[in-house]
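The values are calculated or read from the model by the stated rules, or taken from the named source; none is laboratory data. Given the structure is predicted, the values throughout are model-derived calculations rather than measurements. When we count neighbours, we look across all protein chains shown, and the Cβ atoms used for this are built from the backbone with ideal geometry, even at glycine. Side chains included, ligands, DNA and RNA excluded: accessible areas come from the protein's heavy atoms. Shrake-Rupley method; radii C 1.70, N 1.55, O 1.52, S 1.80 Å.
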Amino acid sequence: MITTNELEERNATVGHSDTLLELKDVKKHFPIKTGFLQKNVGQVKAVDGISFSIKKGETLGIVGESGCGKSTAGRTLIRLYEPTDGKIIFKGKDISHLSEAELRKDVRKDIQMIFQDPFASLNPRKTLRSIIREPLDTHNLYKGKERDEKVEELLEKVGLDASFINRYPHEFSGGQRQRIGIARALALHPEMIIADEAVSALDVSIQAQIINLMEDLQEEFGLTYMFISHDLSVVRHISDRVGVMYLGKMMELAAKKEIYSNPLHPYTQALLSAVPVPRKKGVAKRERIILKGELPSPANPPAGCVFHTRCPAAFDLCRQVVPDFQEVKDNHFVACHLYK
Amino acid sequence: MAKINLAENPSPSLELHGIKTTRDTMLQIVARKFFRNKLAVIGGIFLIVIISAALLAPVIAPYSPEKQKLLEKLSVPSREHLLGTDRFGRDIFSRLLYGARISLLVGFASVLGSITIGTFLGAIAGYVGGIVDALIMRFVDIILSIPSIFLLITLVTIFKPGVDKLILIFALLGWTTTARLVRGEFLSLRSREFVLASKTIGTKTHKIIFSHILPNAMGPIIVSATLSIGYVILAESGLSYLGLGIQPPVASWGNMLQDAQNFTILLNSWWYPLGPGLMILLTVVCFNFVGDGLRDALDPKINE
Ligand SMILES: Nc1ncnc2c1ncn2[C@@H]1O[C@H](COP(=O)(O)OP(=O)(O)OP(=O)(O)O)[C@@H](O)[C@H]1O
Ligand code: SF4
Ligand SMILES: [Mg+2]
């Protein structure tokens, strides 16, 4: 087994050249406020100490049940939310506490986001021209007529007709709107795109199209993706590596093949057992693991391992000590006391 | 990279999806939806007639509204006096026309004032949130907890009632509904995904507020304004009816109604209260119809 120290040394010798983004023990707690003076009466620990890095050009999938903090993680690392604690390092620079003006100058152009709801992510009162021009206007890219030409070019890039430029979002279907959202995200030539449930609201056949489009664009522009979804099969299709979250924490992180063929964490095993897999000859049928109990509230997470209230393998230590998130095999990280 | 089967042409022709290829502006869509609502259209036409009549009162009115002809008092409607005359022999039709000017002026001006205050404070409360929000909303609660009719009566007794004071009082008391409404809109819009998208782009805050949030909150604001005009006209009539509104001899619908509230007049000269009573009723109802029509027409979620 490799300790964290050795890992850091190894990273230091290899250099961080291929690491685009790194999260170090990032937390995002939402205060619960009530009363006349908005007194603080508690915290929702939506993201409670996660660490991982994203390499340039890869697709990192993030999976987990609803409410486990996937969206909050994405929005915090793109600095839509101020992190409560921890460090976000983008291209070697700590961006955790940059001001909005500094972010605009250095970061906004490089990381963009695609949202879940194709009906809520486009302003219903703006034309496609104005929606896709907004990033170009904000950062003052291109001049005069060139800006509109650029908008038309982007529309065609995402498989829409350039003549749609004067239309309003309500005239389009969910899949087409998602393409508009992608065109807006592409306008600034970002290095990285966070896709938060980007296909979850779409029909299965349309999902496939959007994923194909995203893959084509990744190839063409060398994009790095963080692909958030609760759908394990979609994540399996698009990701290079997959991280599994539970109650604000990262439970397991490994290469896609490794995670799906050799899941180590009891939570990952339970999640995967619920996904129907095509049966191959000679491969034993996977036993479906039903998790007992309710998902605890992130306002009051269990002590020790947050998963212990539902874990079929839990033992005494789990109830008292928080397991470290550590590399137990090459590039396979797990937070569980079973692996030491 | 492996492709998943494409079930749909990636650049589907819009006609196939039943979508017209001609371009519609937002305004055209709103207008089309509004005109489909019969009651709203009727209400709108009626209001246009009343407003034009009020503006053209000096041209249309056959008599001066304050000209008394005591010999012809309380005469029945005739060719000479279309709606009859009042206790002082003044032409009721002419007085209704001039009364419309006052009632509508009070309605429009006070609502303009209350909407401005309400939108400003509601927007701050909703966008900034936290303690600022709590303070503004507690202030709203305090104002709402005062029974407004008593406050109105007190204020009107302290300051001599007049058009300007009435407008001021209605504006200063009426903004709370708008503030609550706008706060709610801003609160929900500021975490909507298209606003988050603007933030990830780096759009500046003032631009986000004025080009994304406010235009989407405008529908409810306009609807609430339309409905409030009706409410203010009713409230002004109520005050005048109590003798605390517009003071005679200046005509307003409310003080005309008050003047007619005498038992013998009600019994023998029924046409007198009928004029102002109907005008108040119809105007308020029409503002409500138009308000409802606008609400549906401006809501992008309601399809044609
Ligand atoms: N702005 C906020 N204020 C307070 N609590 C929040 C806020 N945003 C999220 N939360 C809470 O944080 C927790 C994590 O939410 P988050 O949206 O990140 O989960 P998620 O994994 O994206 O879920 P889903 O699959 O439903 O999108 C939830 O309990 C949620 O209620
Ligand atoms: S640490 Fe214990 S409770 Fe947590 S997953 Fe591992 S075995 Fe289960
Ligand atoms: Mg989410």
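At-a-glance table
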item: Under 20 Å from A:LYS257, Cα to Cα: aspartates and glutamates that are on another chain or at least 8 residues apart; result: A:GLU58, A:GLU215, A:ASP231, A:ASP240, A:GLU287, A:GLU327, A:ASP330
item: Estimated vicinal HN-Hα couplings, Hz - the range A:230-245 in sequence order (Karplus 6.51, -1.76, 1.60; Gly, Pro = x); result: 9, 9, 5, 6, 5, 4, 4, 5, 9, 7, 8, 10, 10, x, 10, 10
item: Prolate/oblate/rounded label for chain A (Cα gyration tensor, a/c 1.5); result: prolate
item: Trypsin sites (Lys or Arg not before Pro) restricted to DSSP loop in the range A:24-88 with at most 13 other C-beta within 10 Å; result: none
item: With 10 Å bins from 0: P(r) over the range B:177-304, alpha-carbon pairs, percent; result: 12, 28, 22, 16, 13, 7, 2, 0
item: 18 Å Cα-Cα threshold exceeded, pairs from A:LYS24/A:LYS91; A:LYS55/A:LYS150; A:LYS55/A:LYS249; A:LYS27/A:LYS70; result: A:LYS55/A:LYS150; A:LYS55/A:LYS249
item: Assigned charges on the beta-carbon of Lys, Arg, Asp, Glu; chain A dipole about Cα centre (debye); result: 740
item: Charge dipole (debye, nearest 20) of the protein assembly as shown; +1 at Cβ of Lys and Arg, -1 at Cβ of Asp and Glu; result: 740
item: Positive-end residue, the protein assembly as shown charge dipole about Cα centroid, Cβ charges, pick of B:SER64, A:GLN326, A:ILE206; result: B:SER64
item: Virtual spin-label span in nm between B:ALA53 and A:LYS329, 7 Å along Cα→Cβ; result: 8.7
item: Accessible area of the range B:124-259 divided out per residue, in Å², using a probe of 1.4 angstrom; result: 43
item: Dimensionless Rg/Rh of the range B:70-125 - Kirkwood Rh, Rg from C-alpha atoms; result: 1.41
item: Label-point gap, in nm, between A:ALA313 and A:LYS56 - each point 7 angstrom along Cα→Cβ; result: 3.7
item: Estimated [θ] at 222 nm from DSSP helical runs (n ≥ 4, -39500 (n - 2.57)) normalised by residues in chain A, nearest 500; result: -9000 deg cm²/dmol
item: Averaged over A:99-107, number of beta-carbon atoms from partner chains that fall within 10 Å; result: 2
item: In Hz, Karplus ³J(HN,Hα) per residue of the range B:222-233 (6.51, -1.76, 1.60; θ = phi - 60°; x = Gly, Pro); result: 4, 4, 5, 4, 4, 5, 5, 4, x, 4, 5, 4
item: Sequence-distant lysines (8 or more away, or on other chains) whose Cα lies within less than 27 Å of A:LYS143; result: A:LYS105, A:LYS109, A:LYS126, A:LYS157, B:LYS199, B:LYS204, B:LYS207
item: Cβ-based net charge around B:LEU144, under 13 Å, with every Lys or Arg adding one and every Asp or Glu removing one; result: +1
item: Net charge dipole size for the range B:25-77 [Lys, Arg +1 and Asp, Glu -1 on Cβ; Debye, nearest 20]; result: 300
item: Partner aspartates and glutamates for B:LYS33 [C-alpha distance under 20 Å; skip if fewer than 8 residues away on the same chain]; result: A:GLU171, B:ASP24, B:ASP292, B:ASP296, B:ASP299, B:GLU304
item: Peptide-level mean, for A:123-129, of C-beta atoms on other protein chains within 10 Å; result: 5
item: Overall form of the range A:228-277 per C-alpha gyration tensor (a/c, 1.5; a/b vs b/c); result: rounded
item: Relative compactness, the range A:228-340, computed as alpha-carbon Rg over 2.2 N^0.38 Å; result: 1.07
item: For the range A:107-231, with +1 on Lys and Arg beta carbons and -1 on Asp and Glu, the positive-most of A:PRO118, A:ALA187, A:ILE165 along the dipole; result: A:ILE165
item: Shielding score for B:187-196, defined as the mean number of other chain Cβ atoms within 10 Å; result: 5
item: Heavy-atom accessible surface that A and B bury in contact, both chains counted, 1.4 Å, Å² to 100; result: 4200
item: Global geometry of chain B, whether rounded, prolate or oblate, following the gyration tensor of its Cα atoms and the 1.5 cut on a/c; result: oblate
item: Distant-in-sequence amide H partners of A:VAL44 (H built 1.01 Å from N, under 5 Å); result: A:PHE30, A:ILE32
item: Degrees, to the nearest 10: A:128-138 long Cα axis against longest axis of chain A; result: 80
item: The range B:44-60-the range B:160-224 distance, computed between alpha-carbon centres (Å); result: 31
item: Whole-Hz couplings from phi, Karplus 6.51/-1.76/1.60, listed for the range B:37-48; x for Gly and Pro; result: 8, 4, 4, 4, 5, 4, x, x, 4, 4, 5, 4
item: Cα centroid separation, the range A:226-269 to the range A:31-101 (Å); result: 19
item: Beta bridge orientation in the protein assembly as shown: antiparallel %, DSSP, nearest 5; result: 65
